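All of the numbers you see were taken from the coordinates with simple rules; none came from a lab. Fair warning: this is a prediction, and the values are worked out from it, not measured in the lab. Cβ coordinates were reconstructed from backbone atoms using ideal geometry, including for glycine residues, and neighbour counts include every protein chain displayed.
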Amino acid sequence: MSRTPIVAGNWKMHHGVAATTSFCEAILDEALPGGVQAVICPPYTSIPAAAMLLAGSSIGLGAQNVHWEEQGAFTGEIAPAMLVELGVEWAIVGHSERRAMFGETDETAARRAAAAQAAGLTVIFCVGETLGKREAGETFAVLERQSSVLGPLDPGRLVLAYEPVWAIGTGRTATPEQAQEAHAFLRERLRGAFGDAAEGVRILYGGSVKPANAAELFAAPDVDGGLVGGASLDAASFSAIIRAAASAPPKE
Ligand code: PGA
């Protein structure tokens, strides 16, 4: 059975309600191909508007983070059930910006992921090395460490995103060969954790994906779609990336 590709838009701190409304209206006008799961992850405050506008469409709705507790004194955090209540089905966890700027660790990312899955969300778990680590030849050591916390998770509700930090928002993309090499390593790690179920886990590439480079990245055998930042903010460019994923060879 082949893996259905996913193209997920990580909007970061962009698109309030007005811009989200315009985006949703525009994307609903696009003739999106079948065979690709598209997901947008707006800021929390824009989620209700997106949920209303995208209801009944094939476009999924995700959050950019989620807390591990069900409720309590956690100022500024959002519980998994609060997202589910809004129609959210996906959650990004462990993004490199959370790790670099907001104190996210492998351990807290793992807690968020487990709680999100327990509430029924599918987790898009991000890993990836910095430029310094790549240049020091430590890419695989970083990926090994970051992926070592995945074992207790449910592979059926897990998506991995390989996002080399040096490629995020820099316009500098990993080559398809670099992406495939990292994805194959991660697939092997998933096999160690989940056995045969690893073959069904989608591994997305993220880092300056755009319409011009999406097709060559998505052609790699273990690249099952993309986690897209900047190029997901515009409906035309996001749908071009979805079309590139639809045209990619099937992933076994
Ligand atoms: P970018 O961001 O596509 O703007 O590089 C990707 C991400 O951070 O998920």
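For Ala219 and Val17, what is the calculated FRET efficiency with R₀ set at 51 Å and r taken between the beta-carbons, to the nearest 0.05?
Numbers: r = 37 Å, r/R0 = 0.72.
Efficiency, from the Cβ-Cβ distance: 0.85.
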> Suppose every K and R has +1 on its Cβ and every D and E has -1 on its Cβ; what is the size of the dipole of the chain about the Cα centre, in Debye to the nearest 20?
Replying inline: 160 debye
>> Could you tell me which residue out of Ala110, Val127, Leu53 lies farthest along the dipole of the range 6-246 toward its positive end? Charges go on the beta carbon: Lys and Arg +1, Asp and Glu -1, centred on the Cα centre.
In response: Val127
> Relative contact order of the chain: what whole-number percent is it, with Cα pairs under 8 angstrom and at least 6 residues apart?
Replying inline: 23 percent
> Taking square-rooted eigenvalues a ≥ b ≥ c of the alpha carbon gyration tensor, is the range 117-252 rounded, prolate or oblate, where a/c under 1.5 means rounded and, failing that, a/b exceeding b/c means prolate?
Replying inline: oblate
> Whole-Hz Karplus ³J(HN,Hα) for the range 29-35, in order, using 6.51 cos²θ - 1.76 cosθ + 1.60 and θ = phi - 60°, x for Gly and Pro?
Replying inline: 7, 7, 7, 7, x, x, x
> In sequence order, what are the phi-derived ³J(HN,Hα) couplings for the range 127-143 according to the Karplus relation 6.51 cos²θ - 1.76 cosθ + 1.60 with θ = phi - 60°, rounded to whole Hz, with x for glycine and proline?
Replying inline: 9, x, 8, 7, 4, x, 5, 5, 5, 7, x, 10, 3, 5, 5, 5, 5
> When Lys and Arg each count +1 and Asp and Glu each count -1, what net charge do the other residues less than 15 Å away from Lys133, Cβ to Cβ, add up to?
Replying inline: -4
> Just how far, in whole angstrom, is the range 187-216 from the range 1-65 if you go by their alpha carbon centroids?
Replying inline: 20 Å
>> Test of understanding: what is the full-extension gain from Thr45 to Met101, defined as 0.36 nm times their sequence separation minus their Cα-Cα distance?
In response: 18.1 nm
> For Ala63, which sequence-distant residues (separation of 5 or more, or a different chain) have an amide H within less than 5 Å of its own amide H, given hydrogens modelled in the peptide plane?
Replying inline: Trp90, Ala91, Ile92
> Per-residue HN-Hα couplings for the range 86-97, Karplus 6.51 cos²θ - 1.76 cosθ + 1.60 at θ = phi - 60°, whole Hz, x for Gly and Pro?
Replying inline: 8, x, 6, 10, 10, 8, 6, 9, x, 4, 4, 5
> Counting other Cβ atoms within 10 Å, which GluC sites (Glu not before Pro) in the range 60-135 have at most 14 and lie in a DSSP loop?
Replying inline: Glu69, Glu70
> Considering only His95, Ala136, Leu160, whose Cα is most displaced toward the positive end of the charge dipole of the chain, charges sitting on Cβ of Lys, Arg (+1) and Asp, Glu (-1)?
Replying inline: Ala136
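What FRET efficiency, computed as 1/(1 + (r/R0)^6) with R0 = 35 Å and r the Cβ-Cβ distance, is obtained for Glu177 and Thr4, rounded to the nearest 0.05? Mind showing how you got there, number by number?
Working: r = 24 Å, r/R0 = 0.69.
With a Förster radius of 35 Å, E is 0.90.
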> D for the range 6-246, whole µm²/s, Stokes-Einstein with Kirkwood Rh over alpha-carbon pairs at 37 °C and 0.692 mPa s: what number?
Replying inline: 185 µm²/s
> Dipole of the range 6-246 (Lys/Arg Cβ +1, Asp/Glu Cβ -1, origin at the Cα centre): which of Gly34, Leu83, Ala231 lies farthest to the positive side?
Replying inline: Ala231
> Using 0.36 nm per residue, how much length does the chain from Glu138 to Phe74 gain when fully extended, once their Cα-Cα distance is taken away?
Replying inline: 19.6 nm
> Which FRET efficiency, nearest 0.05, do Ala212 and Glu89 yield, Cβ-Cβ r, R0 35 Å?
Replying inline: 0.75
> To the nearest µm²/s, what D does Stokes-Einstein give for the range 5-112 at 25 °C and 0.890 mPa s, using the Kirkwood radius over alpha carbon pairs as Rh?
Replying inline: 167 µm²/s
> Among all stretches of the chain without exposed chymotrypsin sites (Phe, Trp or Tyr not before Pro) (DSSP loop, at most 14 other Cβ atoms within 10 Å), which one is longest?
Replying inline: 103-252
